[in-house]
Amino acid sequence: MNDISRIKVNAEAVEQQAIAITEESGFMSLSIKRVAEALRIKSPSLYNHIKSLSDLQKIVIERVLNDLKEELVEAAIGRSGTEALERMALAYLHYALKHPNLYECILFIPSVYKESLSAKSEQFLSVVYKVVDPVIKDEDLRILFVRGYRSLLHGFASLEVAGYFKTKINPDKSFEYLVRNYVNDFFEREINK
């Protein structure tokens, strides 16, 4: 009798292995071959569950975006305005630090999704817009604010994940300072119009 237990191969098993490989080795290491090996099947058999490597990458990206969205929602519950945005920013940063290899897939969204990128991006950003909409009435200014907010979060998270900020000041303090000042400055200008 064979000692290797069979893994039931279905969409959930494919997703679990794709996530595990990405979490362990990074988004660029994700391949049809590695997922098939983890599932103990031949690579061609994996095509019964996905169409291409791009499909596999989309599975991981969608999971990361959903997880990040859940983190932001959790951080915003019971809060509004500046407080909600500050808590959401910290949740975003902590997700990136806790899951650096998964987080890196965000850099690949444009090349994987091409035309449908904006729908995926908007779904994720909807949480931020819900907090910002009551304060910033002008649509163009809302877009500018969210674009800047997302850039601040992603830029800082990417640098910290890469190993920068090894000074005596805790990086969270720097991050909180940047976010608070960005949000307060924008909100104060809108309120004092």
Relative compactness, the chain, computed as alpha-carbon Rg over 2.2 N^0.38 Å:
1.21
Relative to the chain, whose Cα atoms define the longest principal axis, helix 171-191 and its Cα axis are tilted in degrees, nearest 10, by 50
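With +1 on the Cβ of every Lys and Arg and -1 on the Cβ of every Asp and Glu, and nothing else charged, how large is the dipole of region 60-191 about its Cα centre, in debye rounded to the nearest 20? Walk me through the intermediate numbers first.
Numbers: 17 positive and 20 negative charges, 63 e Å.
Here the size comes out at about 300 debye.
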Place a +1 charge on the Cβ of each Lys and Arg in region 19-127 and a -1 charge on the Cβ of each Asp and Glu, then give the dipole magnitude about the Cα centre in debye, rounded to the nearest 20.
480
Listed residues Ala96, Ala38, Ala76, most fluctuating in the chain (Gaussian network, C-alpha, under 10 Å)
Ala38
Using a Gaussian network model on the chain with a 10 Å cutoff between Cα atoms, which of Ala91, Ala75, Ala13 fluctuates the most?
Ala13
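First check a/c for region 39-130, with a ≥ b ≥ c the square roots of the eigenvalues of its C-alpha gyration tensor; if it is under 1.5, answer rounded, and if not, answer prolate when a/b is larger than b/c or oblate otherwise.
Numbers: a/c = 2.88, a/b = 2.11, b/c = 1.37.
The shape class here is prolate.
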Using +1 at the Cβ of each Lys and Arg and -1 at the Cβ of each Asp and Glu in the chain, identify which of His94, Met28, Ala157 lies farthest towards the dipole's positive end.
Met28
Between the Cα axis of helix 11-25 and the main Cα principal axis of the chain, the angle (0 to 90°, nearest 10) is 70
Glu62 versus Ser111, label points 7 Å from Cα toward the beta carbon: distance in nm?
2.2
Using θ = phi - 60° and the Karplus form 6.51 cos²θ - 1.76 cosθ + 1.60, what ³J(HN,Hα) does each residue of region 97-110 get, whole Hz, x for Gly and Pro?
6, 6, 10, x, 6, 6, 4, 4, 5, 4, 5, 9, 4, x
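When the helices in the chain are scored as -39500 (n - 2.57) per DSSP H run of 4 or longer and the sum is shared across all residues, what 222 nm value do you end up with, to the nearest 500 deg cm²/dmol? Intermediate values should be presented prior to the final figure.
On the way: 10 runs with 138 residues, N = 193.
So the helix-based figure for the chain works out to -23000 deg cm²/dmol.
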Honestly region 67-114 on the Cα gyration tensor test (a ≥ b ≥ c root eigenvalues; a/c under 1.5 rounded, otherwise a/b vs b/c for prolate or oblate) is just prolate
Would you mind calculating the gained length between Tyr177 and Ile32 on full extension (0.36 nm times residue separation, minus the Cα-Cα distance), in nm to one decimal?
47.9 nm
Placing +1 on each Lys and Arg Cβ and -1 on each Asp and Glu Cβ in the chain, then taking the dipole about the Cα centre, the residue among Phe187, Leu68, Ser43 whose Cα reaches farthest towards the positive end is Ser43
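Every number in this text was worked out from the coordinates using simple rules, so none of it is lab data. Just so it is clear, the structure is predicted and the values come from calculations on it, not from any experiment. Cβ: placed from backbone, ideal geometry, glycine included. Neighbour counts: every protein chain shown.
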